[in-house]
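Contents: one structure, followed by commentary.
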Amino acid sequence: MTVHVVGAGPGAADLLTVRAARLLERADVVVYAGTYVEAVLEHCRPDARLVDTQNLDLDQITEVVVDAHRAGLEVVRLSSGDPSLYSALHELTRRLDAAQVPWDVTPGVPAYAAAAARLGVELTVPEVVQSVVLTRTQARSTAMPSSEELEAFAATGATLALHLAITRTRPLAERLAAVLGDDTPVAVVANASQEAEVVLRGTLADVADQVEAAGLRQAAVILVGPAVARPDGAESYLYSPTRDRTSKRRLPPAE
């Protein structure tokens, strides 16, 4: 048996990959990340054992997973969003390797992508911005590496997607405004794709006031940069009628 680490997406039950849904349908034990992913559990069998990890530390989570695996059970570890971002995948899989438990990873829809979809924006606009920085801030959490200063990221002009930062919106906005200017567009999407979804649009000058008025405290992504406001920009050369396509395979003629 292989332990499956599965991205649960942003929370909506229908924003899962087909593979993720199939793994949940056949799992004997599903270890899930608290209330963020509860709607996704509707894909589980009625007799599956569901283990909420919100009050467990990583060693306790690992013990549940390893014990179930050794009992010959099919195990899924559900992570909110995508396991490649802020999921403790690195720490969990080191422990599974030490216990000689095989594992694999199924990606999920990341929160920043769900937020951008809700806003109807592309985070990379030709000749405006072509990079996206996925980062977070540090409060009651793991310290940020000294080389990853928010101001340095902002100075690149990339679209910023800030995770785990909603309770620090005011100091973050002040820091970013010093580099980008008060009028820089900002959007906040909390609980993207869920019934409790909240969308705020503004600038670095007013976003903190909006967040505090809405009482947002968790499960939110902050997107910062001109792309958030759907600016005018050039059109992609990839799809330009002026691009030479003579060396490319032609589409078959219409019948």
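The values are calculated or read from the model by the stated rules, or taken from the named source; none is laboratory data. Just so you know, these numbers come straight off a predicted model, no measurement behind them. For neighbour counting, all protein chains shown are included, and Cβ atoms are generated from backbone atoms with ideal geometry for every residue, glycine included. For accessibility, only protein heavy atoms count, side chains too; no ligands or nucleic acids. Shrake-Rupley method; radii C 1.70, N 1.55, O 1.52, S 1.80 Å.
Overall, the chain carries a charge dipole of about 600 debye about its Cα centre when +1 sits on the Cβ of Lys and Arg and -1 on the Cβ of Asp and Glu, all other atoms neutral. Taking θ as phi - 60° and the Karplus parameters 6.51, -1.76 and 1.60, the scalar couplings of the stretch 116-129 work out to 4, 5, 4, 7, x, 10, 9, 7, 10, 10, x, 6, 10, 7 Hz in sequence order, x denoting glycine and proline. For residue 77, the residues whose modelled amide H falls within less than 5 Å of its own, excluding neighbours fewer than 5 places apart on the same chain, are 4, 5, 6, 31. Taking every protein chain into account, the 1.4 Å probe leaves residue 142 with about 100 Å² of accessible area, to the nearest ten. Our estimate of slack between residue 146 and residue 98, defined as 0.36 nm per intervening residue step minus the Cα-Cα distance, is 14.3 nm. Ignoring ligands, DNA and RNA, what percent of the 1.4 Å accessible area of the chain is carbon and sulfur? Carbon plus sulfur share of accessible area: 49 percent.
Whole-Hz Karplus values for the stretch 88-99 come out as 6, 4, 4, 5, 5, 5, 4, 5, 5, 4, 5, 8 Hz, taken residue by residue from phi with 6.51 cos²θ - 1.76 cosθ + 1.60 and θ = phi - 60°; glycine and proline positions read x. The 3J(HN,Hα) values that the Karplus relation (6.51, -1.76, 1.60; θ = phi - 60°) gives for the stretch 202-207 are, in residue order, x, 9, 4, 6, 10, 5 Hz. Gly and Pro appear as x. Applying 1/(1 + (r/R0)^6) with R0 = 25 Å to the Cβ-Cβ distance of residue 67 and residue 25 gives a FRET efficiency near 0.65.
On a per residue basis, the convex hull of the C-alpha atoms belonging to the stretch 3-117 measures out at 89 Å³. Residue 55 to residue 167: FRET efficiency via 1/(1 + (r/R0)^6), r the Cβ-Cβ distance, R0 35 Å, to the nearest 0.05? So the FRET efficiency works out to roughly 0.95. Each Cα pair of the chain feeds into the Kirkwood radius, which the Stokes-Einstein equation turns, at 37 °C and 0.692 mPa s, into a diffusion coefficient of 162 µm²/s. Where in the stretch 107-149 does the label zone of residue 183 land, with the point 7 angstrom along Cα→C-beta and an amide N cut-off under 20 Å? Residues 128-129 qualify, since their backbone N sits under 20 Å from the label point.
Taking every alpha-carbon pair within the stretch 111-229, the share separated by more than 20 Å comes to 35 percent.
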